[in-house]
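Down below is the structure, laid out as structure tokens.
The values are calculated or read from the model by the stated rules, or taken from the named source; none is laboratory data. Keep in mind that this is a model prediction, so the values were computed, not measured. Cβ coordinates were reconstructed from backbone atoms using ideal geometry, including for glycine residues, and neighbour counts include every protein chain displayed.
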Amino acid sequence: MSACSGRAWNHSSGEHIAAIHGHEVFCKEVQALNPSLLTAINSDGETPLLAAVASGCLSVASVLLRCCRDQQLSGAILKQDKRGCNALHHAIRNGHMKLALELIQAEPALSHYVNQYGESPMFIAVMRKYEDVFDKLFEIRDSAHGGADGMNALHASVWNGNSGVTYYTRGQRIYLFIYTKTHL
């Protein structure tokens, strides 16, 4: 157990290293022995969950997400890395739509954060044309919609050449509807 609790040169715990390399069984065993490692942060500002998502280890990320949720560790799920990206930013940017939807279901507040470039998960989803992810993010009333260089999700939709874009306001928030000819 002490080897798992120790830290590597970049302050990664055994849980981080196992998560980055996709060792699902080891991650389960370590977190069962020492659940506090789920909240450990490495030098990149990542929890094991965030490291797993950023590394593309989807099965490990799903396991760690369930563990964090079961232990009510919202902070470990919401953690942003040193670039301001959370697990949802990484999942969407890397094309892991199923995991992105799982993250939104588990912790809708992930949608509130923007990274150091001003990009929200909604903006990234629209840029990548991930309509299912956008739809879920859109359902969250206070999800961020900002993007890089002062743009927002509406800009991203126009930039990507969606066949139709409309919006309306409710209070101070602009709501976007993005549709294609198949939805008309």
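Could you go through the stretch 58-72 and let me know if any residue there is part of a helix (DSSP H, G or I), among the hydroxyl-bearing types (Ser, Thr, Tyr) and either in contact with a helix residue (DSSP H, G or I) (Cβ under 9 Å, 6 or more places away or on another chain) or closer than 24 Å to Ser157 by Cβ (or both). Taking every residue of the stretch 58-72 in turn, at least one turns out to be part of a helix (DSSP H, G or I), among the hydroxyl-bearing types (Ser, Thr, Tyr) and either in contact with a helix residue (DSSP H, G or I) (Cβ under 9 Å, 6 or more places away or on another chain) or closer than 24 Å to Ser157 by Cβ (or both).
What is the residue count in the stretch 137-166 for residues that are modelled with pLDDT of 50 or more, more than 17 Å from Met127 (Cβ to Cβ) and not in a helix (DSSP H, G or I)? The total comes to 3. Counting only residues that are in contact with a helix residue (DSSP H, G or I) (Cβ under 7 Å, 6 or more places away or on another chain) and assigned to a loop (DSSP other than H, G, I, E, B), the stretch 108-119 holds 4 of them. The single condition among (1) modelled with pLDDT of 95 or more; (2) part of a helix (DSSP H, G or I); (3) buried (at least 21 other Cβ atoms within 10 Å of the Cβ) that Gln105 does not satisfy is (3). Among residues of the stretch 112-133 that are at negative phi and crowded, with 21+ Cβ neighbours inside 10 Å, those with a Cβ under 7 angstrom from a residue that is part of a helix (DSSP H, G or I) and of a type in the set (D, E, K, R), sequence gap 6+ or separate chain, pair up as Ile124/Arg93.
Select from the stretch 6-63 the residues that are of a type in the set (Ser, Thr, Tyr) and under 23 Å from Lys82 (Cβ atoms) and write down the one among them that is modelled with the lowest pLDDT. Across the stretch 6-63, the extreme among qualifying residues is Ser12.
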